[in-house]
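Since the structure comes first, as structure tokens, the remarks are kept for the end.
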Amino acid sequence: MSQARRLLIIEDDAKFSATLQRSFERKGYDVEHASRLQQVQALLTHWAPQYAVVDLKLAGESGLACVQALHEHDPSMLIVVLTGFASIATAVEAIKLGACHYLAKPSNGDDIEEAFAKRAGDTTAPIGARPTSIKSLEWERIHETLVETDFNISETARRLGMHRRTLARKLEKRPLK
């Protein structure tokens with residue numbers, strides 16, 4: 001290999017970031033890490049990654065701003081967005097801003113590397129005939145709000161406009177893993 005492949009991981013979860021970093025370093029990548037847009041901008045002044053993995057929801061800011069900054073810095077950079085809160089709207093915006101792929105968590109180094117390789121898209125991708133159910137949407141919203149409140153049941157119930165006992169019953173039926 002004449003030149004190391006340079007990868008920037010933008011992730012605010014230190015454990016997940018360290019795991020990804022080790023995985024990519026074993027694959028021969030030179031890896032740097034940032035957890036905020038300001039750190040990304042500082043890194044780009046002296047380091048030029050060819051690849052980037054961006055968490056969509058960073059502490060206090062959107063990963064979409066990082067995608068935009070990375071793409072403006074180098075339009076040929078391959079950017080994969082990772083999220084635990086996937087939605088059509090954010091997927092569309094990520095692609096418009098310069099991401100080459102959008103993956104739902106949990107994803108590992110192999111999934112991400114495969115996404116880098118699928119830069120051109122896949123015309124044979126299956127078209128899902130199954131719409132998202134109301135129960136799935138409800139559960140995704142409950143989980144998102146739980147994360148926002150650091151798993152405080154009372155605050156989550158208040159934000160969702162439901163009684164605390166109702167939320168507790170829903171969580172008993174489908175426990176968090």
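The table that follows gives values for the structure above.
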{"item": "Principal-axis tilt of helix 88-97 within the chain, Cα atoms, nearest 10 degrees", "result": "20 degrees"}
{"item": "Label selected from (i) 0.95; (ii) 1.02; (iii) 1.10, the criterion being Rg/Rh (Cα atoms, Kirkwood Rh) as computed here", "result": "(ii)"}
{"item": "Exposure rule at most 15 other beta-carbon atoms within 10 Å, DSSP loop chymotrypsin sites (Phe, Trp or Tyr not before Pro): the chain longest free segment", "result": "86-150"}
{"item": "Qualifying lysines (Cα of each under 18 Å from Cα of Lys15; at least 8 residues distant if same chain)", "result": "Lys57, Lys105, Lys177"}
{"item": "Residues Val147, Val67 arranged by fewest to most Cβ contacts within 10 Å", "result": "Val147, Val67"}
{"item": "Helix 14-26 axis, angle to the chain major axis (alpha carbon atoms, nearest 10°)", "result": "40 degrees"}
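Any read-out appearing in this document is the output of simple, stated calculations on the displayed coordinates, not a laboratory observation. If you're wondering where the values come from, they're calculated on a predicted model, not measured in any experiment. Every residue, glycine among them, receives a Cβ derived from its backbone with ideal geometry; neighbour counts consider all protein chains shown.
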